[in-house]
Amino acid sequence: MFKRIPGTKDILPEEVSRWQQIERIAHRIFTIYNYQEIRFPILEEASLFNRSLGNYSEVVQKQMFLTRSGKDIYALRPEGTASVARAYIENNLDKIKGLLKVYYIGPMFRLERPQKGRLRQFHHIGCEVIGSQDSSLDAEIISLADALLNSFSINDYQIHLNSLGCKKDKHLLAQIIQNGLKDKLDRLCADCKRRFKVNILRILDCKNKDCQETIKQLEIQDKHLCLGCKTDFEELKENLRLLKIDYQINPYLVRGLDYYTGMVFEITHKRLGSQDALGAGGRYDNLIEELGGHSTPAVGFAFGVERLLLVSNFIPYNLESKKLIYIITLDKEAKKLGLELMNNLRKKGFCVDTDYEGKTLKGAMRKANDLKASFVIIIGEDELKKGVFTLRDMLSGGQKQLNKEQLIQELNLGIGLKQQSAKNATYSYLR
Ligand code: AMP
């Protein structure tokens, strides 16, 4: 028997309504903030991610799903920012759009050791704004993340905030860490000893207790920030206070990817356990230029949908609240008539199904019950002879025999749906 690849999930029909709901809310909130949806390929050139996230980032070092096609190496996208940046440059969106505000929803892939909240195929809801350095945009991004969480009925999350500063400041931060730790390497874990050589900022967010103790003594705070970056960060904090968004300053928050500069943030939730990040983001003012575009500042974030669903308290709308009509036919002749009637009713926009399992009347009635059908239409020998249909209201249990016109009239009344095209009708059911 075949099994799912570890770290992947089947989203079964019962669960899909929660996914649809979260996606629907996301579309609505992004629209309110005037973001447009973007869809980009799941496959990209692997070097796009090496260049963007950094050769020594954990994702590039250990987590890329790679495949070769001749000389080319492709990767299943591990995140969305690099692809959006690539699409921005490739499609000349700087000239066409000016400021670009986009969002995306879709699967991402990382070759992880699977555990709770850590999958190999997971889903991001993310957004990117390319083309402005305005620090009030940083506030908009965080307030958008906050609005999404509120709309997903998620409470008790914490927003952690830091500023890495511009390229020069980041360099200075790396130097401060290097000078502070070079005589204390023996106190660091094996990973941090390696990070010291290749990805020194990552030492700051190491989870190892001894590393954390050693790092605390460096008293990082904001001494690496230049005046411009300090002012931007102060403005952001002021704006967040104005917007009544709670946050905690965390000078040890660095994020694992090379492209981040300036403000970075992470949103955590205690109920998630060890993998506690619901989402994260920040500025990446140098990435577009790094990838061959003009120097263009940008900012964005992404949430992990699986983790959102683990902590969200919403009760899914019952998309199944559509009113089902279930047709039961009792012989071959009736089956033909049933097929025609079903087609007819579906064209009028009714939601109709029938028995395909050769059930007896009793079995088919039980099935209609299980499906929570509102009405059952029975076509048997008697009905065929009289040229009528038996309509049973499943709520009241009432039953009557009707001709076709009467039947449609009754269904219109009972289901409260005007005769309209199937397309509109489906829409009105689902709205
Ligand atoms: P990142 O791009 O690593 O900042 O990820 C953004 C968000 O995506 C995280 O905060 C998680 O919610 C989610 N995420 C990242 N990696 C995984 C994973 N392997 N499995 C499930 N969710 C993930």
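From the list Lys167, Lys184, exactly one residue is more than 22 Å from Tyr33 (Cβ to Cβ) and either touching a strand residue (DSSP E or B) at 6+ places or on another chain (Cβ under 8 Å) or assigned by TED's automatic domain parsing to the domain that holds Gly273 (or both). Which is it? Break it down stepwise before answering.
Details: Lys184 fails: either touching a strand residue (DSSP E or B) at 6+ places or on another chain (Cβ under 8 Å) or assigned by TED's automatic domain parsing to the domain that holds Gly273 (or both).
Matching residue, one of Lys167, Lys184: Lys167.
Out of Gly7, Gly54, I need the residue that is within 16 Å of the ligand (Cβ to nearest atom) and modelled with pLDDT under 95. Which one?
Values: Gly7 fails: modelled with pLDDT under 95.
None of the others qualify; the one that does is Gly54.
Cβ-Cβ contacts under 7 Å between residues 6 or more apart (or on different chains), taken from a first residue in region 39-62 that is within 17 Å of Arg120 (Cβ to Cβ) to a second residue that is open to solvent by 90 Å² or more (accessible area, probe 1.4 Å), are listed as Ala46/Leu66.
I'm checking my understanding of the structure. Among residues of region 57-74 that are polar (S, T, N, Q) and surrounded by fewer than 14 Cβ atoms within 10 Å (Cβ to Cβ), which one is modelled with the highest pLDDT? Can you show your working first?
Let us first name the residues in region 57-74 that are polar (S, T, N, Q), namely 57, 61, 63, 67, 69.
Filter once more, keeping what is surrounded by fewer than 14 Cβ atoms within 10 Å (Cβ to Cβ): 67, 69.
Details: Thr67: 96, Ser69: 92.
Taking the candidates together, the pick is Thr67.
Is it true that Asn313 is open to solvent by 10 Å² or more (accessible area, probe 1.4 Å) and assigned to a helix (DSSP H, G or I)?
On the way: open to solvent by 10 Å² or more (accessible area, probe 1.4 Å): yes; assigned to a helix (DSSP H, G or I): no.
So Asn313 fails the test.
Elements of the type helices (runs of 4 or more DSSP H) sitting completely within region 1-91 and holding at least 3 residues that are of a type outside the set (Phe, Trp, Tyr) and farther than 29 Å from Val198 by Cβ: these cover 13-32.
So Thr31 clears everything in (1) open to solvent by 70 Å² or more (accessible area, probe 1.4 Å); (2) at positive phi except one condition, right? Which one? It fails just one condition, (2). Residue count for region 190-212 under the criterion of being in contact with a helix residue (DSSP H, G or I) (Cβ under 8 Å, 6 or more places away or on another chain) and more than 18 Å from Ser57 (Cβ to Cβ): the result is 3. When each of Glu45, Glu23, Glu14 is tested for being surrounded by fewer than 12 Cβ atoms within 10 Å (Cβ to Cβ) and of a type in the set (D, E, K, R), the lone residue that passes is Glu14. Taken together, Glu306, Glu289 contain a single residue that is in contact with a strand residue (DSSP E or B) (Cβ under 8 Å, 6 or more places away or on another chain), at negative phi and either within 9 Å of the ligand (Cβ to nearest atom) or free of Cβ contacts under 8 Å to residues at least 12 places away in the same chain (or both), which is Glu306.
Over 19 Å from the mean Cα position of the chain (by Cα) and either among the aromatic types (Phe, Trp, Tyr) or within 13 Å of the ligand (Cβ to nearest atom) (or both): does that describe Leu236?
Numbers: over 19 Å from the mean Cα position of the chain (by Cα): yes; either among the aromatic types (Phe, Trp, Tyr) or within 13 Å of the ligand (Cβ to nearest atom) (or both): no.
Here the answer is no, as Leu236 does not meet what is asked.
If we keep just the residues of region 264-285 that are more than 8 Å from the ligand (Cβ to nearest atom) and within 16 Å of Val254 (Cα to Cα), which is most open to solvent (accessible area, probe 1.4 Å)? First the steps, then the outcome.
Within region 264-285, the subset more than 8 Å from the ligand (Cβ to nearest atom) is 264-265, 268-274, 276, 282-285.
Subsequent filtering for residues that are within 16 Å of Val254 (Cα to Cα) retains 264-265, 268, 276, 282-285.
Numbers: Val264: 0, Phe265: 2, Thr268: 11, Asp276: 54, Gly282: 0, Arg283: 10, Tyr284: 2, Asp285: 25 Å².
This residue is Asp276.
The values are calculated or read from the model by the stated rules, or taken from the named source; none is laboratory data. Remember, predicted model here, so these are calculated numbers, not experimental data. As a convention, Cβ positions derive from the backbone with ideal geometry for all residues, glycine included, and neighbour counts pool all protein chains shown. Calculation scope for accessible area: heavy atoms of the full protein, side chains included, ligands and nucleic acids excluded. Shrake-Rupley method; radii C 1.70, N 1.55, O 1.52, S 1.80 Å.
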